[in-house]
Amino acid sequence: MPEFSRQVLDSLRQPLETGEIVVARAAAHVRYPSRFQLVAAMNPCRCGYLGDPERACTRAPRCGADYQSRISGPLYDRIDLTIEVPSVSAQDLTLPAPREGTAEVAARVAGARARQSAREGETGARTNAELEGERLDAVATPDGPGRALLVEAADRMKLSARAYTRVLKVARTVADLEDSAEVRRAHIAEALAFRRPAALN
Ligand SMILES: [Zn+2]
C-alpha cells in the first residue's frame, strides 16, 4: 500500500466514506457511484524485515516509521480491520490445516449477513457498515460493561468520532457472527483489537 503516492491513497477517503466519487470541474459537477471494499497489504517497513526475529531490519525503527507514515491518519481511520501477520517459516507450512475450513467460515459469514438483512428489512441498510445515526444506536448500543470498555478505550486509544462509530459497527458484526442479539463487552473488545492505535499514525 505505501508504494502508491500519498495523493492517490488519500483520494480513497471520499469513496470509502460516502460510496461516491464527486468530480468537480468548472463546467460540471458529477457524482459517480463508487461502493467498494478495500483490501490492502503492506510490509512493516521498506526492507520488509522490521520485527522479523530471523532477519533484523538494519534501519529500525526509522525504516518502519517512514514507511508506515505514508498512509495518513484519516485514511487509517477509515480502515475497520487491521491485522499484523507474522512471517511464515517453512516449518509452519508443514503444520496441519486449521480445524475450521474456508467453507465453514463462509457459512458463518452468510449466517451473519442473513441476520443483518432480516433485522433491517427490504428498505434498510444492506450491511452493518451502512448503519447510521439512530438506527445504529438502536441495534448496536452495547450493554453496560461493553459501553464502559468502549468509553475507556476511546479515551486511551484517542479514537476519533468516526473511529468510535466504526468500532460499534464492527462489534455489531462480531455479535452477529455469534448470533447474539446484544452487543456485549467481548464483542467490543474484539472490534477494538482490529483497530490500529492512533499513536502509530
Ligand atoms: Zn526495514
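The values are calculated or read from the model by the stated rules, or taken from the named source; none is laboratory data. These numbers were taken from a predicted model, which means no experiment stands behind them. Ideal geometry is used to build each Cβ from the backbone, glycine not excepted, and the neighbour counts take in all protein chains shown.
Of everything in segment 168-201, what is out of contact with any Asp or Glu (no Cβ under 8 Å at 6 or more places or on another chain) and of a type in the set (A, V, I, L, M, F, W, C)? Give them in sequence order.
Within segment 168-201, LEU168, LEU177, ALA181, ALA186, ILE188, ALA189, ALA191, LEU192, ALA193, ALA198, ALA199, LEU200 meet the criteria.
If I go through segment 118-130 residue by residue, how many of them are exposed (fewer than 14 other Cβ atoms within 10 Å of the Cβ) and assigned to a helix (DSSP H, G or I)?
Matching residues across segment 118-130 total 1.
Please find, within segment 6-45, the residue that is nearest to the ligand (Cβ to nearest atom) out of those that are loosely packed, with under 11 Cβ neighbours inside 10 Å and among the polar types (S, T, N, Q).
For segment 6-45, the residue satisfying everything is GLN7.
Being of a type outside the set (Asp, Glu), assigned to a helix (DSSP H, G or I) and surrounded by fewer than 13 Cβ atoms within 10 Å (Cβ to Cβ) is the requirement here; does ALA138 meet it?
Answer is yes for this residue.
Okay, residues lined up against (1) of a type in the set (Val, Ile, Thr); (2) away from the ligand (no atom under 16 Å from the Cβ):
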position: CYS47; (1), (2): no, no
position: GLU54; (1), (2): no, no
position: ALA60; (1), (2): no, no
position: SER69; (1), (2): no, no
position: THR82; (1), (2): yes, yes
position: ASP92; (1), (2): no, yes
position: PRO96; (1), (2): no, yes
position: ALA106; (1), (2): no, yes
position: SER117; (1), (2): no, yes
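In this structure, does GLY64 turn out to be near the ligand (Cβ under 9 Å from one of its atoms) and at positive phi?
no
Here is a list of conditions, (1) surrounded by 11 or more Cβ atoms within 10 Å (Cβ to Cβ); (2) more than 16 Å from the ligand (Cβ to nearest atom), and PRO2 meets all of them except one; can you say which number that is?
Result: PRO2 fails condition (2) only.
How do the helices (runs of 4 or more DSSP H) wholly within segment 8-97 filter down when requiring 2 or more residues that are among the polar types (S, T, N, Q), out of contact with any Asp or Glu (no Cβ under 6 Å at 6 or more places or on another chain) and not assigned by TED's automatic domain parsing to the domain that holds ALA154: which remain?
Hits in segment 8-97: 13-18.
Out of ARG115, ARG172, which single residue is more than 30 Å from ASP52 (Cβ to Cβ), more than 14 Å from the chain's Cα centre (by Cα), among the basic types (Lys, Arg) and not assigned by TED's automatic domain parsing to the domain that holds PRO53?
Step by step, each of ARG115, ARG172 is checked, and only ARG115 is more than 30 Å from ASP52 (Cβ to Cβ), more than 14 Å from the chain's Cα centre (by Cα), among the basic types (Lys, Arg) and not assigned by TED's automatic domain parsing to the domain that holds PRO53.
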